[in-house]
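Enquirer: Quick one: the structure is below, and I'll ask about it shortly.
The values are calculated or read from the model by the stated rules, or taken from the named source; none is laboratory data. This is a predicted model, so every value here is computed, not measured. Glycine gets a Cβ as well: all are built from the backbone with ideal geometry, and neighbour counts include every protein chain shown.
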Amino acid sequence: MAEIKLSLETEIGRIKLKNPVMVASGTFGYGEEFAELVDLKKLGAIVTKTITLKPREGNPPPRIVETPCGMLNAIGLENPGLEDFIKEKLSFLKKIGVPIIVSIGGDEIKEFVELARRLDKEKGISGLELNISCPNVSADRKPPPKASLAKGGKTENRKPQLIAKDEDATYELVKAVRQATNLSLITKLSPNVADIVAIGKAAVEGGSDALSLINTFSGMAIDIETRKPRLGNIIGGLSGPAIKPLALKAVWETAQQIDIPIIGMGGIMNWQDALEFIIAGASAVAIGTANFINPHSAVEIAQGIEDYLRKNRIKSIQELWRTVLRNFS
């Protein structure tokens, strides 16, 4: 039987990837940390650890807790800030030879806009991921205010604790950033919402080129001996295999209603997991928690996808989608 001509290429906005396997923000540092362990050129793309305008110390320790089939983290967006990133991190990233997507975060729209404006001037950056959904920053650890009976059970002037929890806030932020840069924009969505598709549509209307989903679920753990939270921030983000079915459902539902590329993530530990997300409608996948267990995970997953396509004589990721569409009708 003749060998088929196989392509793993995919596109995220205007970003062309040689294979659909990326590494997720916050799990791979700024690339250099893994350079002696992984052939970085074999990755589809690298998403950096989130950077903010000014340096951040992050949350108090403990910051990571192992859970059944997963982990809780409450790092709190610790990072050296924009200036240090440009001076100390970006030069290495430019040399790798794969698309570099910089994850950016902030407390206000103007911070995202300034980050986008500054990074737009730097060569070697393919896109920006808007981290509007980190569940372990201090602003999101407090419970929402109680409703006031004097106001008929409604809380006046109540603002969302995360931008990704509010459609209007998401739209306004993405729109503002879109006006500040020509880089491809990827909006990272939170699963801690009632309707993730509605938030995704708001991001698209604002000008997002693609969506990343999902970020971690809000969770916590308690030490019964000390009777205290096991995380210094009390609340953290749950990732790992435990969330995969929920993440997969979010990707599938979103792909049914939104016609832009989706980067699927959440509990992907091997190539079989990755293929589930691609079959559900993701144009690419991002590997997160698996990097802490096996630094070679992303490269091995890319190879596994290639072997699967070859074994099943499927020429491309796009053809794979076409072969499964009827299975979801």
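Enquirer: For residues that are in contact (Cβ under 8 Å) with a residue 40 or more places away in the chain and among the hydrophobic types (A, V, I, L, M, F, W, C), scanning just segment 180-196, find the one that is surrounded by the fewest Cβ atoms within 10 Å (Cβ to Cβ).
Expert: Within segment 180-196, the first condition is being in contact (Cβ under 8 Å) with a residue 40 or more places away in the chain, and the residues that meet it are 180-192, 196.
Okay, now just the ones that are also among the hydrophobic types (A, V, I, L, M, F, W, C), so 180, 183, 185-186, 189, 196.
Details: 180: 18, 183: 22, 185: 24, 186: 28, 189: 26, 196: 22.
Out of the qualifying residues, it is 180.
Enquirer: Now for a different question. Residue 98 - would you say it is in contact with a Leu (Cβ under 6 Å, 6 or more places away or on another chain), in contact (Cβ under 8 Å) with a residue 40 or more places away in the chain and assigned to a loop (DSSP other than H, G, I, E, B)? Give the steps one after another, and end with the answer.
Expert: Values: in contact with a Leu (Cβ under 6 Å, 6 or more places away or on another chain): yes; in contact (Cβ under 8 Å) with a residue 40 or more places away in the chain: yes; assigned to a loop (DSSP other than H, G, I, E, B): yes.
Spelling it out, residue 98 is indeed in contact with a Leu (Cβ under 6 Å, 6 or more places away or on another chain), in contact (Cβ under 8 Å) with a residue 40 or more places away in the chain and assigned to a loop (DSSP other than H, G, I, E, B).
Enquirer: Then there is this: Residues that are β-branched (Val, Ile, Thr): find the strands (runs of 3 or more DSSP E) completely inside segment 156-274 holding 2 or more of those. Explain how you work it out, then say what you get.
Expert: On the way: elements: 184-188, 210-213, 217-219, 236-239, 262-264.
Once the strands (runs of 3 or more DSSP E) in segment 156-274 are filtered for at least 2 residues that are β-branched (Val, Ile, Thr), what remains is 184-188, 262-264.
Enquirer: Next question. Kindly list the number of the only condition in (1) out of contact with any Pro (no Cβ under 8 Å at 6 or more places or on another chain); (2) closer than 15 Å to residue 7 by Cα that fails for residue 280.
Expert: (2)
Enquirer: In segment 68-75, is there at least one residue being part of a loop (DSSP other than H, G, I, E, B) and either crowded, with 19+ Cβ neighbours inside 10 Å or in contact with an Asp or Glu (Cβ under 6 Å, 6 or more places away or on another chain) (or both)?
Expert: Of segment 68-75, the ones part of a loop (DSSP other than H, G, I, E, B) are 68-69, 74-75.
Checking the rest, the ones that are also either crowded, with 19+ Cβ neighbours inside 10 Å or in contact with an Asp or Glu (Cβ under 6 Å, 6 or more places away or on another chain) (or both) come to 74-75.
Yes, segment 68-75 contains at least one residue that is part of a loop (DSSP other than H, G, I, E, B) and either crowded, with 19+ Cβ neighbours inside 10 Å or in contact with an Asp or Glu (Cβ under 6 Å, 6 or more places away or on another chain) (or both).
Enquirer: Determine whether residue 150 is in a helix (DSSP H, G or I), crowded, with 19+ Cβ neighbours inside 10 Å, among the hydrophobic types (A, V, I, L, M, F, W, C) and at pLDDT below 95.
Expert: On the way: in a helix (DSSP H, G or I): yes; crowded, with 19+ Cβ neighbours inside 10 Å: no; among the hydrophobic types (A, V, I, L, M, F, W, C): yes; at pLDDT below 95: yes.
No.
Enquirer: Right, here's the next one. Scanning for something under 21 Å from residue 6 (Cβ atoms), surrounded by 19 or more Cβ atoms within 10 Å (Cβ to Cβ) and among the hydroxyl-bearing types (Ser, Thr, Tyr), does segment 283-294 turn up at least one residue?
Expert: Among the residues of segment 283-294, at least one is under 21 Å from residue 6 (Cβ atoms), surrounded by 19 or more Cβ atoms within 10 Å (Cβ to Cβ) and among the hydroxyl-bearing types (Ser, Thr, Tyr), which makes the answer yes.
Enquirer: Being touching a Gly at 6+ places or on another chain (Cβ under 6 Å) and either surrounded by 22 or more Cβ atoms within 10 Å (Cβ to Cβ) or more than 24 Å from residue 204 (Cβ to Cβ) (or both) is the filter here; which residues of segment 240-261 pass it?
Expert: Passing the criteria: 240, 241, 242, 243, 244, 247, 251, 254, 255.
Enquirer: Can you tell me which residue among 309, 325, 320 is part of a helix (DSSP H, G or I), within 22 Å of residue 5 (Cβ to Cβ), at pLDDT below 95 and not acidic (Asp, Glu)?
Expert: Numbers: 309 fails: at pLDDT below 95; 325 fails: within 22 Å of residue 5 (Cβ to Cβ).
Residue meeting the stated conditions: 320.
Enquirer: What do you reckon, is residue 58 in contact (Cβ under 8 Å) with a residue 12 or more places away in the chain, buried (at least 21 other Cβ atoms within 10 Å of the Cβ), part of a loop (DSSP other than H, G, I, E, B) and small (Gly, Ala, Ser)?
Expert: no
Enquirer: Need a quick list: strands (runs of 3 or more DSSP E) entirely within segment 1-50 having at least 1 residues that are in contact (Cβ under 8 Å) with a residue 60 or more places away in the chain and surrounded by fewer than 22 Cβ atoms within 10 Å (Cβ to Cβ). Break it down stepwise before answering.
Expert: Working: elements: 10-12, 15-17, 21-23, 45-47.
Filter on segment 1-50 gives 10-12, 15-17.
Enquirer: Hey, another quick one. Can you confirm whether residue 199 is free of Cβ contacts under 8 Å to residues at least 40 places away in the same chain, crowded, with 24+ Cβ neighbours inside 10 Å and within 30 Å of residue 118 (Cβ to Cβ)?
Expert: So residue 199 fits the description; yes.
Enquirer: Determine whether segment 303-325 contains at least one residue that is within 27 Å of residue 67 (Cβ to Cβ) and out of contact with any strand residue (DSSP E or B) (no Cβ under 9 Å at 6 or more places or on another chain).
Expert: From segment 303-325, those within 27 Å of residue 67 (Cβ to Cβ) are 304; that's our starting set.
Retained after the next criterion (residues that are out of contact with any strand residue (DSSP E or B) (no Cβ under 9 Å at 6 or more places or on another chain)): 304.
Yes, because at least one residue in segment 303-325 is within 27 Å of residue 67 (Cβ to Cβ) and out of contact with any strand residue (DSSP E or B) (no Cβ under 9 Å at 6 or more places or on another chain).
Enquirer: Something else about it: Answer yes or no as to whether residue 67 is under 27 Å from residue 283 (Cα atoms) and at pLDDT 95 or above.
Expert: Numbers: under 27 Å from residue 283 (Cα atoms): no; at pLDDT 95 or above: yes.
It is false that residue 67 is under 27 Å from residue 283 (Cα atoms) and at pLDDT 95 or above.
Enquirer: Let me ask something additional. Is segment 203-219 home to any residue that is of a type in the set (Val, Ile, Thr) and in contact with a helix residue (DSSP H, G or I) (Cβ under 6 Å, 6 or more places away or on another chain)?
Expert: Start the filter on segment 203-219 by keeping residues that are of a type in the set (Val, Ile, Thr), which leaves 204, 214, 216.
If we keep only those that are in contact with a helix residue (DSSP H, G or I) (Cβ under 6 Å, 6 or more places away or on another chain) as well, we get 214.
Within segment 203-219, one or more residues are of a type in the set (Val, Ile, Thr) and in contact with a helix residue (DSSP H, G or I) (Cβ under 6 Å, 6 or more places away or on another chain).
Enquirer: Collect the residues in segment 280-305 that are among the hydrophobic types (A, V, I, L, M, F, W, C) and farther than 16 Å from residue 11 by Cα, keeping them in residue-number order.
Expert: Within segment 280-305, the first condition is being among the hydrophobic types (A, V, I, L, M, F, W, C), and the residues that meet it are 280, 282, 284-287, 290, 292-293, 298-299, 301-302, 305.
280, 287, 290, 292, 293, 298, 299, 301, 305 - these are the residues of segment 280-305 that are among the hydrophobic types (A, V, I, L, M, F, W, C) and farther than 16 Å from residue 11 by Cα.
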